[in-house]
Amino acid sequence: MRSALLGFLALAGIGFAAPVQAQVQAQNPVLDGVRQRGEVRCGVFGLLPGFSAPDAQGVMRGLDADFCRAVAAAVLGDAAKVRFVTAPSLAASLEAVERAEVDILSSNLTATALRDAGRNLVPVGVLFYDGQGVMVRADADIAAFRQLDGKRICVAAPAVDGSLAILHSAATRMGVSLTPVPVAQGGPALIRAFRAGECDGVSADAAALATLKATDLPDPASAVVLPERLSREPLTPFVPGHDNRWRQVVAWTLHALVAAEELEVTSGSLEAAIRSDDTETRFLLGVDPGLGQALGLPDTWAMEAVRQVGNYGEIFDRNLGEGSPIGLDRGLSDLWLRGGLMYPFPFR
């Protein structure tokens, strides 16, 4: 009986070994596909300067675009190995990442319950903290949301991003009677409607409003963004939900960019940083090995992301902050050490 049982267990081991091995090999289809193609397919909005929009030479620029470049540097060793993909609608963008037609969707999208639960995509962490706001004409003598009573507010149509529902909820909560003017495409189309006099104000994510104000208005000083925030909008990249290793790679790349800023490691200070005695700095940069192997990457993956693209602060300043035409304050997207919410997971 004992030998028969051992024989059964041995056969069971043989019978299950191949499927288990095949399952392990099939767990990383996105990461394997990126390596085989030699490029990261990055879904972006493509029409919002500061986040993703082509420059005068047609090169995609912005916070979202540079995040994808950082992932390419980490995984492929070359930040230039990114193919940017745009979609005709939000629904099409989400479906593209669910079908793994893009490897990352970094497109000014808020992580919400219905964009996570029951879908074949997952958010990987907050790239930018935002909230819906309202922009009005500077000469309208409006300083607060409650003064919008009776005003017409341009807002993205319901099928676009949910801004209309948020605006309605805020107006109800504050007892303000306003008239929403739905605009089909959102983004720059909102500013065109505003400039054409179709509304007295525009409601969208506050950072998007600040960006459009700086880039799409002939005189940026002619408009102001009101101080209130009507919602919480944690903007996150999304990845396909069936490859946990790829999720880990993308999520930890985001943490690495933020951690590098916290540790004062910049693209220009790497030579000094790799000589540091700080254990977290050494582990982050791969001087002390271990994390790269665990992720299936070279130990220098994070160092390459910072060297080629910069830490989070460098990326923010270049695209949205002091080093950009937008001049956006860091606000909630500042480091937790300075009163913001950006907080990397520990590298240990």
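Of all residues in region 79-124, those satisfying the criterion of being part of a loop (DSSP other than H, G, I, E, B), closer than 24 Å to Ala256 by Cβ and among the polar types (S, T, N, Q) are Ser106, Ser107, Asn108. Could you look through region 305-324, keep only residues that are open to solvent by 40 Å² or more (accessible area, probe 1.4 Å) and in a helix (DSSP H, G or I), and pick out the one that is nearest to Gly268 (Cα to Cα)? Residue satisfying both the conditions and the ranking: Arg307. Cβ-Cβ distances below 8 Å connect the following pairs, each with a first residue in region 286-298 that is on the phi < 0 side of the Ramachandran plot and assigned to a loop (DSSP other than H, G, I, E, B), a second residue that is open to solvent by 50 Å² or more (accessible area, probe 1.4 Å) and of a type in the set (A, V, I, L, M), and a separation of six or more residues or different chains: Val287/Ile274. Picking from residues in region 130-182 that are of a type in the set (Lys, Arg) and part of a strand (DSSP E or B), the one that is most open to solvent (accessible area, probe 1.4 Å) is Arg152. Within region 190-200, the set of residues being more than 15 Å from Pro49 (Cα to Cα), in contact with a Leu (Cβ under 8 Å, 6 or more places away or on another chain) and not in a loop (DSSP other than H, G, I, E, B) comprises Arg195 only.
The values are calculated or read from the model by the stated rules, or taken from the named source; none is laboratory data. This is a predicted model, so every value here is computed, not measured. Note: ideal-geometry Cβ built from the backbone for every residue, glycine included; neighbour counts use all protein chains shown. Just the protein is used for accessible areas: all its heavy atoms, side chains included, with ligands, DNA and RNA removed. Shrake-Rupley method; radii C 1.70, N 1.55, O 1.52, S 1.80 Å.
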